[in-house]
Amino acid sequence: MKIVLCALNAKYVHSSLALAYLESYCKSDEWQIESAEFTINDHLDSILSRLFALQPKVICFSCYIWNIEYILRLVSDIKKILPPITTVLGGPEVSFDAEDLLRENPDIDIIIRGEGEIILKELLTALKYNLPLREVRGIAFRQDTELRSNPDQQLIKILDHIPSPYAGDMARYKGKITYYETSRGCPFRCAYCLSAAQPGVRYFSLERVKKDLAALFESGCREIKFVDRTFNCNEKRATSIMEYIINQKPSCRVHLEICADLISDDFMNFLLQIPAGIFAFEIGVQSTKPETLRAVNRKCDWQRFYSNVQKLQAQGNIHLHLDLIAGLPFETYSNFSYSFNQVYNLQPDHIQLGFLKLLKGSPLREIAEYYSYEFQNHPPYQILNSKYISYSEITRLTQIEKLLELYYNSRDFKLSLNYIVNEIYKGEAFSFYTDFADFWHKEELFTRGHRKDAEYNFLMRFVEENHAGYSTVVNEKLKYDYLSNYHMQMLPAALKSYNPPDIKVQFRHIVRNQELLARYKFTAEKTELKRMLHLEYFIVDPVSGQKFTEPNPFLFYYNSNERFSSRVINISI
């Protein structure tokens, strides 16, 4: 019996954790099992032909909000070209309305609800030996013309009973973002999260975790993303795992989801000593409004949270990613602006502005009517409006989210944005992004893509039209940001240059000036130096914003084959 486990990942660089565990747990001499991973960007015809070539008797799909619609189309088509095939769906997107899905999609034969390892192995045994499906706990299925839903399967108490999927061929992970778990479950029960359906936390042993991580580090994967819901809920265990990772000196980055207000003084002292570049922390803020947090069963000591994030950000050794969710109960558009400003003022490396999704199985979806939520009937089930926020306000926030991604999260406008937000808008970041979104909307910029230099032009034009008195300083800061991030000879069209007419002659003199080159330790050959250096004049100090008495020459130095400037030197000093 040939079984194919199929995943449609969001991106090519992702790997499926679910398939890895299911394959390792269900591997047996009694059948042939194989994993097939694709992406939602692949053509469905191509996926279908490749699945057909495998000629499975049973095909199992791992279902999430980002792939369920594609999978339902594949299931329908594969039934037509392989009529005897048994189609099995599992995963969070099908676990909570299994009978409805079976009723609406006659080409689905069986749905696995919840944690799948034990259930799938028992199901495959039943299918192999033609045993009654009513004996397999945790499934919903068709029996003649009726739909049946068996009792739930118990969760795996000892997670180490799942064979490690990292003991064999690791080539599938090379260059990939690899998802990994050291635990299942969450100590909290946030009403918008599926983890609220299964309270409590179960752990893999530390010995198992370290063995798995050693294999992943050897695989050459690009990044390891822990899916543990609250990695630091057990600080002693978290410290042990992180110390092991540090000692391995990994070449890839490790991404962890943590709760910032749980960080104790001892754990903070440990975090502040970590070498830079190893860890990235994703920290869920969601909202800073106490009434909102209480409504979704989320507790947060904001003062401790703020203090801890400030300390980590000041140290700069851990990449910080902070999450906000728009549309939560009791949080109006105006209230959200306050949460946005508080998070923005922490200046994390990345701010994610997400939108509330009423996921199947989440407690908040069950009481959606109480808050007058209207939401999409199809994945990702994002809210459209509620008694607290209108659709037009949600639309405005999606525009702000786009600008946040382009301008803040790109890290290409650091000096410019800091000056605009702090000096022009007096720290009211939300007001700036609102005004800038109005500008983009008026100019119809949201409806099409743009080159990077155009993004600089738009910000310059916005300042010139709305805050002309600040335009000179913003011009110089934008020039500095652009040349620091992009090894280009030409400035964006909207930025004013103050270079003298003989700038090319001056540049040639610099490249031949042995004393200057020695002073700044430029050791490359002259031909190479011409490619590695860029000369630009500024009438304002781009860092301090102070106006020079006369234009000053700045030299930007770029390492070979890199777009970022590694050094910027005011050579008039």
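The values are calculated or read from the model by the stated rules, or taken from the named source; none is laboratory data. Given the structure is predicted, the values throughout are model-derived calculations rather than measurements. Every residue, glycine among them, receives a Cβ derived from its backbone with ideal geometry; neighbour counts consider all protein chains shown.
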request  = State the number of residues belonging to region 524-544 that are polar (S, T, N, Q) and either surrounded by 16 or more Cβ atoms within 10 Å (Cβ to Cβ) or assigned to a helix (DSSP H, G or I) (or both).
outcome  = 1
query = In region 545-573, which residues are small (Gly, Ala, Ser), modelled with pLDDT under 90, under 35 Å from the mean Cα position of the chain (by Cα) and not in a strand (DSSP E or B)?
reply = Ser560
request  = Collect the residues in region 186-215 that are exposed (fewer than 15 other Cβ atoms within 10 Å of the Cβ) and among the acidic types (Asp, Glu), keeping them in residue-number order.
outcome  = Glu207
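Can you name the residue in region 65-92 that is aliphatic (A, V, I, L, M) and within 16 Å of Gln55 (Cβ to Cβ) and, of all such residues, is surrounded by the fewest Cβ atoms within 10 Å (Cβ to Cβ)?
Step one: of region 65-92, the residues aliphatic (A, V, I, L, M) are 65, 68, 71-72, 74-75, 78, 81-82, 85, 88-89.
Now restrict to residues that are within 16 Å of Gln55 (Cβ to Cβ): 74, 78, 81-82, 85.
Numbers: Leu74: 21, Ile78: 22, Ile81: 11, Leu82: 17, Ile85: 21.
Here the answer is Ile81.
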Which numbered condition Ser484 misses (of (1) part of a helix (DSSP H, G or I); (2) out of contact with any strand residue (DSSP E or B) (no Cβ under 6 Å at 6 or more places or on another chain)) = (2)
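Report yes if Glu37 is assigned to a strand (DSSP E or B), under 27 Å from the mean Cα position of the chain (by Cα) and of a type in the set (Asp, Glu), otherwise no.
Details: assigned to a strand (DSSP E or B): yes; under 27 Å from the mean Cα position of the chain (by Cα): yes; of a type in the set (Asp, Glu): yes.
Against the criterion (assigned to a strand (DSSP E or B), under 27 Å from the mean Cα position of the chain (by Cα) and of a type in the set (Asp, Glu)), Glu37 qualifies.
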task = Only residues that are crowded, with 17+ Cβ neighbours inside 10 Å and either without any contact (Cβ under 8 Å) to a residue 12 or more places away in the chain or not hydroxyl-bearing (Ser, Thr, Tyr) (or both): list them for region 454-470, please.
result = Glu455, Asn457, Phe458, Leu459, Met460, Phe462, Val463
ask   = Are any of the residues in region 260-275 farther than 16 Å from Gln313 by Cα and under 18 Å from the mean Cα position of the chain (by Cα)?
value = no
request  = Evaluate the following for Leu384: is it farther than 23 Å from Ser431 by Cβ, within 25 Å of the chain's Cα centre (by Cα), of a type in the set (A, V, I, L, M) and not assigned by TED's automatic domain parsing to the domain that holds Ile71?
outcome  = yes
message = Tell me which helices (runs of 4 or more DSSP H) are completely within region 343-425 and hold 2 or more residues being farther than 19 Å from Glu291 by Cα and among the hydrophobic types (A, V, I, L, M, F, W, C), or say none if there are none.
response = 391-403, 414-419
message = Among the residues of region 227-245, what is the count of those that are surrounded by fewer than 20 Cβ atoms within 10 Å (Cβ to Cβ) and either at positive phi or under 19 Å from the mean Cα position of the chain (by Cα) (or both)?
response = 1
ask   = In region 436-464, which residue that is small (Gly, Ala, Ser) and at pLDDT 95 or above is nearest to Lys402 (Cα to Cα)?
value = Ala437
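With the requirement that a residue be of a type outside the set (D, E, K, R) and in a strand (DSSP E or B), what does region 163-209 give you?
Result: Ile177, Thr178, Tyr179, Tyr180, Ser183, Gly185, Cys186, Pro199, Gly200, Val201, Tyr203.
Would you call Lys79 assigned by TED's automatic domain parsing to the domain that holds Lys11, in contact with a Cys (Cβ under 9 Å, 6 or more places away or on another chain), among the charged types (D, E, K, R) and not in a loop (DSSP other than H, G, I, E, B)? Spell out how you get there, then give the answer.
Values: assigned by TED's automatic domain parsing to the domain that holds Lys11: yes; in contact with a Cys (Cβ under 9 Å, 6 or more places away or on another chain): no; among the charged types (D, E, K, R): yes; not in a loop (DSSP other than H, G, I, E, B): yes.
Here the answer is no, as Lys79 does not meet what is asked.
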key: Any pair with Cβ under 9 angstrom, 6 or more apart, that starts in region 417-436 at a residue that is at positive phi and ends at one that is in a loop (DSSP other than H, G, I, E, B) and at pLDDT 95 or above   = Gly427/Asn345
key: Residue list for region 289-304, filter: polar (S, T, N, Q) and touching a strand residue (DSSP E or B) at 6+ places or on another chain (Cβ under 9 Å)   = Thr292
message = Being basic (Lys, Arg), modelled with pLDDT of 90 or more and either surrounded by fewer than 16 Cβ atoms within 10 Å (Cβ to Cβ) or in a helix (DSSP H, G or I) (or both): is that true of Lys521 here?
response = no
message = Can you tell me how many residues within region 356-380 are surrounded by fewer than 17 Cβ atoms within 10 Å (Cβ to Cβ) and of a type in the set (A, V, I, L, M, F, W, C)?
response = 2
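Quick grid of which residues meet (1) among the polar types (S, T, N, Q); (2) under 30 Å from His487 (Cα atoms):
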| site | (1), (2) |
| --- | --- |
| Phe330 | no, no |
| Ser334 | yes, no |
| Ser337 | yes, no |
| Pro379 | no, no |
| Gln382 | yes, no |
| Ser410 | yes, yes |
ask   = Which residue pairs have Cβ atoms closer than 6 Å, lie 6 or more positions apart in sequence or on different chains, and pair a first residue in region 246-257 that is within 19 Å of Phe231 (Cα to Cα) and crowded, with 20+ Cβ neighbours inside 10 Å with a second residue that is small (Gly, Ala, Ser) and modelled with pLDDT of 95 or more?
value = His255/Ala280
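Please work out if Asp109 is over 24 Å from the mean Cα position of the chain (by Cα), closer than 26 Å to Tyr70 by Cα, surrounded by fewer than 16 Cβ atoms within 10 Å (Cβ to Cβ) and among the acidic types (Asp, Glu).
Values: over 24 Å from the mean Cα position of the chain (by Cα): yes; closer than 26 Å to Tyr70 by Cα: yes; surrounded by fewer than 16 Cβ atoms within 10 Å (Cβ to Cβ): no; among the acidic types (Asp, Glu): yes.
The answer is no for Asp109.
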task = Could you please let me know if His441 is part of a loop (DSSP other than H, G, I, E, B) and not assigned by TED's automatic domain parsing to the domain that holds Asn341?
result = no
